[in-house]
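A short worksheet on the structure shown next.
Any read-out appearing in this document is the output of simple, stated calculations on the displayed coordinates, not a laboratory observation. Owing to the predicted nature of the structure, the values given are computational and were not obtained by experimental measurement. For neighbour counting, all protein chains shown are included, and Cβ atoms are generated from backbone atoms with ideal geometry for every residue, glycine included.
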Ligand SMILES: Nc1ncnc2c1ncn2[C@@H]1O[C@H](COP(=O)(O)OP(=O)(O)OP(=O)(O)O)[C@@H](O)[C@H]1O
């Protein structure tokens, strides 16, 4: 069964086409990595899936619903949650206020929203300790936890994450990746954009390598980690440990 199907996705900015017809699938309970160097089109792909960039061509299906071209809030309501690059929290608001904003689509159901926020504190106990702290004063790792928790409030089927490890210490990256694995094990589909190819290929089930808006390689993550082209371009030339 496929949760997300992307076929022939084309996106551009002005006169420049950035994605030249890419195909991606994600199954429930699967971590799929999207790797590629700077400017390859990874962020653009995630933004197009979430309805934040208009499509120039292609089909996107989420759990059987054609979502390509829908407005972002409708796509979110159908079960796709996006954790954007650099987290984009509301810095002058508290942790809890940020989580409440994540639940905007269920804001009329106060008891349910409260229950879901409590479940986020169970997943990220650190956020319970910091619930009244302003998001802008949190550490980078704590901010990433808020960004993920905020996306999870709507109980998505598919979570797309844009470089969650960016700027974080290795220990913090490990704990964020452990949470991502846990979500996968609960049946969520995960599409993960990362520059940190070595660690990402260790937790991913499958991966795609995007270069200049085209998928150059795809396959199961363990096989790609052994691929000489992937090792040369993304793993510093060394065999993946
Ligand atoms: N708003 C925009 N307007 C014009 N060009 C853009 C815009 N956003 C991205 N681009 C261009 O589209 C291309 C793909 O960018 P994108 O951010 O998707 O790449 P990326 O793979 O996520 O790179 P990085 O790893 O550096 O974040 C780049 O050439 C970039 O300059």
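Overall size of the stretch 89-155 from C-alpha positions, given as principal axis extents largest first: 30, 22, 17 Å.
Report the residues of the stretch 28-63 in range of a label on residue 232: point 7 Å along Cα→C-beta, backbone N strictly under 16 Å from it. Backbone N within reach: 37. Among beta bridges from DSSP that stay inside the stretch 49-206, the antiparallel ones total about 25%. Build a GNM of the chain with springs between Cα atoms under 10 Å apart, and of 64, 12, 29 the one that fluctuates most is 64. The relative contact order of the stretch 89-155, computed from alpha carbon pairs under 8 Å that lie at least 6 residues apart in sequence, is 53 percent. Specify the angular offset, from 0 to 90 degrees and rounded to the nearest 10, of the alpha carbon long axis of helix 170-185 from the longest principal axis of the alpha carbons in the chain. Tilt of helix 170-185: around 90 degrees. Maximal additional length on extending the residue 97-residue 109 stretch stands at 2.7 nm, based on 0.36 nm per residue less the C-alpha distance.
Once the Cα atoms are used to define both axes, helix 140-152 deviates from the longest principal axis of the chain by about 90 degrees. Full extension of the segment from residue 214 to residue 61, taken as 0.36 nm per residue of separation minus the current Cα-Cα distance, would add 53.1 nm. The length gained on full extension between residue 171 and residue 78, counted as 0.36 nm times the residue separation minus their Cα-Cα distance, comes to 30.1 nm. Sort out for me the Cα centre separation of the stretch 55-123 from the stretch 12-41, rounded to whole Å. With the stretch 55-123 and the stretch 12-41 each reduced to a Cα centre, they are spaced 21 Å.
With only the Cα atoms considered, the chain has a convex hull volume of 123 Å³ per residue. Considering only alpha-carbon pairs that sit under 8 angstrom and 6 or more positions apart, the relative contact order computed for the chain is 27 percent.
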